[in-house]
Amino acid sequence: MQTEKIINHIVNWLSDYLKNSGQKGFVLGISGGIDSAVVSTLCAKTGYPVLCMELPIHQAETEVNRALNHINWLKSNFEKVEGKSVNLTPVYDKFVSTVDKSENEYSYNLSLANTRARLRMTTLYYYAGLYGYIVAGTGNKVEDFGVGFFTKYGDGGVDISPIADLMKSEVYEIAKFLDINYEIQKATPTDGLFGDKRTDEDQLGATYDELEWAMKAFESGKSATDFSGREREVMEVYEKRHRANLHKMVPIPVCEIPEEWK
């Protein structure tokens, strides 16, 4: 992997997009994870203003600390980086107390988890509007186009996706090259949306390395029936999630009206 070339390519792409958009800078949420750390650093390297937002909703202290440490690191290394914390916990709690509960515990908890992501998206676009910025996404390839591991109109609601053509392993390589804080590089990936200690692997049923392998196998025309043992299990996980989340990865269906009826 030609890491430095990829970094320069993304930074130039970000700069060109921003110039053509007529906007003034970038805004994104900082979670304390590897993806947002890499994207925010790439945005900062453009030399344009970057607003890094820490948006806790009943967040674990370790996640908050990693996010704040990264923002401080960016501010000490790049002149036009600004950090802002907005505690969305009271907003979320008010929402929970207002809407109906559900006896289906799984659906209820998943809906609330997605609500957290959508509240953050709304906040990012609020500040994007105030500052005249564009919202930078932090999804990687296996999440955005493989298993659809993101919230529709939540963390999937963005203007641009700088690392969506990079596998998770490639994002880690870039993080190492950029000298991202080691505490972030070694942190176990988690979306932090459920208010507990579950990791991405707990939710997905496979590691990112396994899912990257499955994505490449799937794109080459393989299926679960071509494998056995753990490889078959991983392919089944990948195929099930890919099918279930395909609606997130394709354009919104439009009911086309015959022209002669108009």
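Pairs are defined by a Cβ separation below 6 Å, a sequence spacing of at least 6 or placement on different chains, a first member in segment 14-31 that is within 16 Å of VAL81 (Cβ to Cβ) and free of Cβ contacts under 8 Å to residues at least 60 places away in the same chain, and a second member that is surrounded by 13 or more Cβ atoms within 10 Å (Cβ to Cβ) and among the charged types (D, E, K, R); the pairs so defined are ILE30/GLU54. Of all residues in segment 189-212, those that are without any contact (Cβ under 8 Å) to a residue 12 or more places away in the chain and either of a type in the set (S, T, N, Q) or surrounded by 16 or more Cβ atoms within 10 Å (Cβ to Cβ) (or both) total 2.
If you go through segment 162-188 one residue at a time, how many are of a type in the set (Gly, Ala, Ser) and either at pLDDT below 95 or farther than 16 Å from GLY33 by Cβ (or both)? It would help to see each step written out before you state the result.
At the first step, the residues of segment 162-188 found to be of a type in the set (Gly, Ala, Ser) are 164, 169, 175, 187.
Still in the running and either at pLDDT below 95 or farther than 16 Å from GLY33 by Cβ (or both): 187.
The number of residues fulfilling the criteria is 1.
Restricting segment 189-224 to residues that are in a loop (DSSP other than H, G, I, E, B) and acidic (Asp, Glu), the residue that is farthest from ALA37 (Cα to Cα) is ASP196.
Taking the condition touching a strand residue (DSSP E or B) at 6+ places or on another chain (Cβ under 9 Å), assigned to a strand (DSSP E or B) and closer than 19 Å to ASP179 by Cβ, does CYS43 pass? Give the steps one after another, and end with the answer.
Numbers: touching a strand residue (DSSP E or B) at 6+ places or on another chain (Cβ under 9 Å): yes; assigned to a strand (DSSP E or B): no; closer than 19 Å to ASP179 by Cβ: yes.
Criteria not met by CYS43.
At least 1 residues being within 15 Å of the chain's Cα centre (by Cα) and surrounded by 14 or more Cβ atoms within 10 Å (Cβ to Cβ) is the threshold, and among the helices (runs of 4 or more DSSP H) wholly inside segment 71-179 those reaching it are 105-131, 168-178.
Filtering segment 225-256 down to residues that are assigned to a helix (DSSP H, G or I) and among the small types (Gly, Ala, Ser), which residue is nearest to LYS168 (Cα to Cα)?
Within segment 225-256, the subset assigned to a helix (DSSP H, G or I) is 225-226, 229-244, 246-249.
Filter once more, keeping what is among the small types (Gly, Ala, Ser): 229, 244.
Values: GLY229: 24, ALA244: 21 Å.
It comes out as ALA244.
Among the residues of segment 41-61, write down those that are free of Cβ contacts under 8 Å to residues at least 60 places away in the same chain and either surrounded by fewer than 16 Cβ atoms within 10 Å (Cβ to Cβ) or not aromatic (Phe, Trp, Tyr) (or both). ALA44, LYS45, THR46, GLY47, VAL50, CYS52, GLU54, PRO56, GLU61 - these are the residues of segment 41-61 that are free of Cβ contacts under 8 Å to residues at least 60 places away in the same chain and either surrounded by fewer than 16 Cβ atoms within 10 Å (Cβ to Cβ) or not aromatic (Phe, Trp, Tyr) (or both). Just one of the numbered conditions (1) at positive phi; (2) part of a helix (DSSP H, G or I) is not true of HIS58: (2).
Is it true that GLU219 is within 17 Å of VAL142 (Cα to Cα), acidic (Asp, Glu), without any contact (Cβ under 8 Å) to a residue 40 or more places away in the chain and out of contact with any helix residue (DSSP H, G or I) (no Cβ under 7 Å at 6 or more places or on another chain)? I'd like the intermediate steps shown before the answer.
Values: within 17 Å of VAL142 (Cα to Cα): yes; acidic (Asp, Glu): yes; without any contact (Cβ under 8 Å) to a residue 40 or more places away in the chain: yes; out of contact with any helix residue (DSSP H, G or I) (no Cβ under 7 Å at 6 or more places or on another chain): yes.
Answer is yes for this residue.
Filtering segment 167-187 to residues that are farther than 21 Å from GLN203 by Cβ and either hydrophobic (A, V, I, L, M, F, W, C) or in contact with an Asp or Glu (Cβ under 7 Å, 6 or more places away or on another chain) (or both) leaves ILE174, ALA175, PHE177, LEU178, ILE180. For segment 14-32, a residue qualifies if it is more than 17 Å from the chain's Cα centre (by Cα), assigned to a loop (DSSP other than H, G, I, E, B) and at negative phi, and the qualifying residues are GLN23, LYS24.
The values are calculated or read from the model by the stated rules, or taken from the named source; none is laboratory data. As the structure is a computational prediction, the values presented were derived from the model and not from experiment. Glycine gets a Cβ as well: all are built from the backbone with ideal geometry, and neighbour counts include every protein chain shown.
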